[in-house]
Amino acid sequence: MKRLSMLCLIALGFGGVFGTAGAESLGVVGPTYPIAEEHLLRMIEARLRAKEQSGELARIQEQIVARGKQAVLAPPPLQLPVVAAPRTFYVDPTYVLDRNIADGSGRLMFAAGTRANPLDIVSMSRRLFFFDGRDERQVAMAERLAKGETTRTKPVLVGGSYIDLMRRWKVPVYYDQKGLLVKRLRIERVPAMVSQEGRRLRVDELVPAS
């Protein structure tokens, strides 16, 4: 019955597409085969039941949960070298549109080539301190900055466990997932401090104290 319903749907579907065709027989174009989807589903179901009975399915589920938990608690670290000599450079966050931007009605809002600087609209409320949580020297620097009363600094990890540091410091600790900020700010070494200076971002690469 299920197969008959499926065949009817297929027939109706082709009828809608080729509704203007005549009713003449076109003959057999190629070999015909029985529909095998039901057999495939039964085979998958049987394999899943076998894995469930053997306990393999539960082990697979536990491995998936463990990998997901590890990825959240300790994301893959960025391989950035430690600063050996101090350096300061500037980053212009201005970007240029590579295509036209239109509204829902198709009217042009911003033309390709338009330049915009986010700092003209929103200023940085806090400095960003990028550091590697696997280096205790950098951790000590970050803790002093994160808990300091005179400056407002956000600690941003590039390696290590932000969960452990938040538990120890009782302050928020951020993580640069996949190094998106590091790439955008052209940071090549850590620790590094990012602050706003006018319409530019200033990046200071700092030598950690021994």
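For a quick protection proxy, order the peptides 153-164, 84-95 by their average other-Cβ count within 10 Å, most packed first.
153-164, 84-95
Once phi is turned into θ = phi - 60°, what whole-Hz ³J(HN,Hα) does the Karplus curve with 6.51, -1.76 and 1.60 give for every residue of the range 185-195, x standing for Gly and Pro?
Once rounded to whole Hz, the list reads 8, 6, 7, 10, 9, 10, x, 9, 10, 10, 9.
Of the trypsin sites (Lys or Arg not before Pro) in the range 119-153, which ones lie in a loop per DSSP and count no more than 14 other C-beta atoms within 10 Å?
ARG126, ARG134, ARG152
For the range 153-210, what is the relative contact order in percent, using Cα pairs closer than 8 Å and at least 6 residues apart in sequence?
Value for the range 153-210: 23 percent.
Below 8 Å between Cα atoms, with a sequence gap of 6+, how large is the relative contact order for the range 125-189 in percent?
Across the range 125-189, relative contact order equals 29 percent.
Students often check this: by mean Cβ neighbours within 10 Å, which of 197-210, 40-53 ranks highest, and how do the rest follow?
197-210, 40-53
So, counting K/R as plus one and D/E as minus one, what does the shell of residues with Cβ under 12 Å around PRO93 add up to?
+3
If you build the convex hull over the alpha carbons only and average its shadow over all orientations, what do you get for the range 67-210? Give it in nm² to one decimal.
If I average the Cα hull's projected area over directions, I get 11.4 nm².
What does the extension gain come out to for SER125 and LEU40, with contour length at 0.36 nm per residue minus their alpha carbon separation?
Additional length available on full extension: 24.8 nm.
When all alpha-carbon pairs of the range 147-210 are counted, what percent fall beyond 17 Å?
50
Taking 45 Å as R0, compute the FRET efficiency from the Cβ-Cβ separation of SER161 and GLN53 and round it to 0.05.
Result of the calculation: an efficiency of 0.75.
Quick note: the coordinates plus some simple rules give every number you see, no bench work behind them. From a predicted model like this one, the values you see are computed outputs, not experimental measurements. We place every Cβ from the backbone using ideal geometry, glycine too, and count neighbours over all the protein chains shown.
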